[in-house]
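Structure first, then comments.
The values are calculated or read from the model by the stated rules, or taken from the named source; none is laboratory data. These numbers come from a predicted model, not from an experiment. Cβ atoms come from the backbone with ideal geometry, glycine included; neighbour counts cover every protein chain shown. Surface accessibility is based on the protein's heavy atoms, side chains included, excluding ligands, DNA and RNA. Shrake-Rupley method; radii C 1.70, N 1.55, O 1.52, S 1.80 Å.
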Amino acid sequence: MLADWRRRAIAATDEMVVDSLLAPARAAAQERPAQAAFGSAAEAEAEEVLAAVSGRRTTFRRRHVLAEARRYLMRTLAGATAPPRAVEGSTEKVLAHAGCLDIAPPGIPPRTPACTGPPAGTSIHRAVGSATCTTRSLLAAGNRLPADV
């Protein structure tokens, strides 16, 4: 496909024009960061993703953290190939972070084993990723608001 695209681009313009456009792209590809650059500072990346999510919303769900983890990954790797499941791993780190609080009301506990699912003991009637979260700092800020507002 690349050879065909190159041939078609040369036919439409000129070989020198195509080569002058490809040179900066090839140089940028050589300067990409290594794959190991992502995930080496797990605590720092979780804090950065959590700060970005909580900067946009007071409450958030797993899908919001996942989207921010993708943006963080794109910025961090700058075009390099991401390790498998890097975004999901980062999302799990953020949701397990000490500053992230699950504020969803507790569900009704299942009465029979047939109504439980993974993770163990949770109700099958609660949608996956439906937990509502916030941060400790946002919760503290909300508690400082005057009652008459």
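Taking the range 1-33 on its own, how many of its residues are of a type in the set (D, E) and assigned to a loop (DSSP other than H, G, I, E, B)?
2
Any residue at all in the range 95-106 that is part of a helix (DSSP H, G or I), within 30 Å of Q30 (Cβ to Cβ), out of contact with any Phe, Trp or Tyr (no Cβ under 7 Å at 6 or more places or on another chain) and at pLDDT 75 or above?
No, because not a single residue in the range 95-106 is part of a helix (DSSP H, G or I), within 30 Å of Q30 (Cβ to Cβ), out of contact with any Phe, Trp or Tyr (no Cβ under 7 Å at 6 or more places or on another chain) and at pLDDT 75 or above.
Mind checking whether some residue in the range 48-71 is outside any loop (DSSP other than H, G, I, E, B), open to solvent by less than 60 Å² (accessible area, probe 1.4 Å) and modelled with pLDDT under 90?
no
Among the residues of the range 79-102, what is the count of those that are loosely packed, with under 12 Cβ neighbours inside 10 Å and either of a type in the set (A, V, I, L, M) or in contact (Cβ under 8 Å) with a residue 40 or more places away in the chain (or both)?
Residues in the range 79-102 being loosely packed, with under 12 Cβ neighbours inside 10 Å and either of a type in the set (A, V, I, L, M) or in contact (Cβ under 8 Å) with a residue 40 or more places away in the chain (or both): 4 in total.
Considering each residue of the range 72-87, count those that are at pLDDT below 90, in a helix (DSSP H, G or I) and not β-branched (V, I, T), and give that number.
The number of residues fulfilling the criteria is 5.
Could you list, in sequence order, all residues of the range 52-81 that are within 12 Å of the chain's Cα centre (by Cα) and among the small types (G, A, S)?
Result: A52, A67, A69.
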